[in-house]
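Single-structure report; data block below.
The values are calculated or read from the model by the stated rules, or taken from the named source; none is laboratory data. Here the structure is a predicted model, which means the values were calculated and not measured. Here Cβ is always computed from backbone atoms with ideal geometry, including for glycine, and neighbour counts include all displayed protein chains.
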Amino acid sequence: MESTYAHQLVDLSHFNPKDYCVIDIRDAESYHKAHLKEAIHMDDLNAIRDFALERPQEKILLQCWRGNTAAQYANALHGVGVSNIYFLKANFDDFKVLGLELLEN
């Protein structure tokens, strides 16, 4: 799904995890197997909405396997007035190749 909020899209080549509060929206099992060092896990849209609304000055970045679900979540959240949501359009498997630090179990 193409995002109607392309200005909220973060490309992997321009991504610095320290610039965002990263939320990994993949399933819990996948998150526990491997995730970005800085990422927290949340996959409930309402919980993500509440989290973002409680932190209006922070950039909240949604990350999934390839960016498609993150784009859908970002669109839904923008639709209900959450403006500090961004999404990472990237393949999770490329994170390690590009030198991003993963925690793996």
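Would you check which residues across segment 57-69 are modelled with pLDDT under 95 and either among the small types (Gly, Ala, Ser) or touching a helix residue (DSSP H, G or I) at 6+ places or on another chain (Cβ under 8 Å) (or both) and list them?
Matches in segment 57-69: Gly67 only.
How many of the residues making up segment 20-41 are surrounded by fewer than 18 Cβ atoms within 10 Å (Cβ to Cβ), without any contact (Cβ under 8 Å) to a residue 40 or more places away in the chain and in a helix (DSSP H, G or I)?
Counting residues in segment 20-41 that are surrounded by fewer than 18 Cβ atoms within 10 Å (Cβ to Cβ), without any contact (Cβ under 8 Å) to a residue 40 or more places away in the chain and in a helix (DSSP H, G or I) gives 3.
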